[in-house]
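A quick write-up on the structure given underneath.
Please treat every number below as a calculation from the coordinates, not as lab data. These numbers were taken from a predicted model, which means no experiment stands behind them. A quick note on method: Cβ atoms are made from the backbone with ideal geometry, for glycine too, and the neighbour counts reach across all protein chains shown.
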Amino acid sequence: MVCNGYTKVWELAPGEMIRLDGARGTMLRVTRGTLWLTLERDPRDVVLAAGDSFTIDRGGLTLVEAQSNTTVCVLAHHVDEVRVRAGRPGVAARVAAWFASVSEAGIGRRSVPYV
């Protein structure tokens, strides 16, 4: 898919995050990969795969994180964007690592009944 007519194209590495402030009305269309979004004061977590699009429907802070190598077409009039390096693994990888560490910690442990 081509991003004709869009104002920006983001090529994001896994775990790379973009902070958007005041992005209400901004449309994001994923053409490759998977994107995770969370919006300030909104209980939803939005996950977009290739072919999906989403229009940010709230003001305030929006966090966008690539879960894999991701291409995003962006249509916005004006957005304050700040890229955050991809030094940290994505949310899914962090949760999986936490579960792995918890299960490993339980190996070899025995419960001792209270006396």
Near the amide H of residue 15, under 5 Å away, which other amide H atoms are found, from residues 5 or more places off or on another chain, if H is placed in the peptide plane? 66, 67, 68, 90
Could you tally the net charge around residue 69, taking each other residue with its Cβ under 10 Å from the Cβ of residue 69, Lys/Arg +1 and Asp/Glu -1? -1
List the residues, sorted by chain then number, that are 5 or more residues from residue 52 or on another chain and whose placed amide H is less than 5 Å from its amide H. 30
Relative packing of peptides 56-64, 44-52, 15-23 - highest average C-beta neighbours within 10 Å first: 15-23, 56-64, 44-52
